[in-house]
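The values are calculated or read from the model by the stated rules, or taken from the named source; none is laboratory data. Computed from a prediction, not measured in an experiment: that's the story for all the values here. No Cβ is skipped: glycine too gets one built from the backbone with ideal geometry, and neighbour counts run over all protein chains shown.
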Amino acid sequence: MPKIEAGSYEGVTTAACVTEAKSGAVMCYMQVDVAGVNLRGSICLVQKDGTLSDRGFKDVQAILEQSGPWDWAQWDNEPETFAGHPVKVVVEDHTFTNEKGEDVLVSQIKHLNPMQGGAAPLAKGDIKSIKAKYAAKTRAMFGGDTPAAPKAPKTAPKPPAPAKDALISTMELCWDKFCENNSGKAEKDLYALWPKAIAEATGGKAQNDLTPQEWGQVMVHVTDNLPF
């Protein structure tokens with residue numbers, strides 16, 4: 001019987017099946033090509049007392065690259081159906097007595113694991129919550145928090161007086177519109193262009209001093225002059 005040195009290896013499944021052992025435990029047996037040698041490993045799905053092994057089911061699904069509900073029916077397929085899946089194995093030496101009464105040293109799989117250790121599938125987090133917590137800090141890191149307008153030039157022109165029916169807006173709405181109209185630009189570029197847009201719309205006033213009517217002027221400016 002072929003033998004390899006004890007240790008950790010990467011292998012590929014050549015067959016697999018599910019069967020109930022005499023003890024009552026339900027096992028998934030996998031035959032694995034390890035360094036050119038076919039060895040057998042096992043993963044317990046149901047313990048002999050009837051307890052389901054959550055880790056066992058997840059490891060088998062991870063090895064077979066499956067997700068979703070467990071499908072018992074698939075195990076009616078031939079064992080070779082489950083060939084071709086990469087696994088990690090730990091091989092150990094094992095001594096057994098053959099029919100002639102001779103002790104024979106062979107290799108066997110002690111542990112059979114998914115390539116990624118049975119890690120759960122990737123799932124995106126609550127980005128809205130994360131953004132609310134850290135948006136200001138990341139803006140500061142990559143070019144400043146809410147961008148401040150540059151100092152007005154000494155000869156800054158006087159902004160036009162708003163008409164009676166002038167548009168009323170806010171900094172947040174203007175910023176959203178500005179980002180929308182310049183969606184092709186990197187975030188750091190948006191922060192750099194933002195003060196310029198405000199200065200052009202208001203004659204160089206600081207954004208913290210703008211009235212709702214003046215933010216309306218900014219809204220008109222970033223809407224009519226795109227992209228920056």
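Couple of notes before you dig in:
- Tally, over the stretch 18-47, of residues that are surrounded by 13 or more Cβ atoms within 10 Å (Cβ to Cβ) and either more than 25 Å from residue 104 (Cβ to Cβ) or among the aromatic types (Phe, Trp, Tyr) (or both): 10
- Among residues of the stretch 168-206 being within 31 Å of the chain's Cα centre (by Cα) and not in a helix (DSSP H, G or I), the one that is nearest to residue 217 (Cα to Cα) is 182.
- Selection status of residue 6, surrounded by fewer than 18 Cβ atoms within 10 Å (Cβ to Cβ) and at pLDDT below 90: yes
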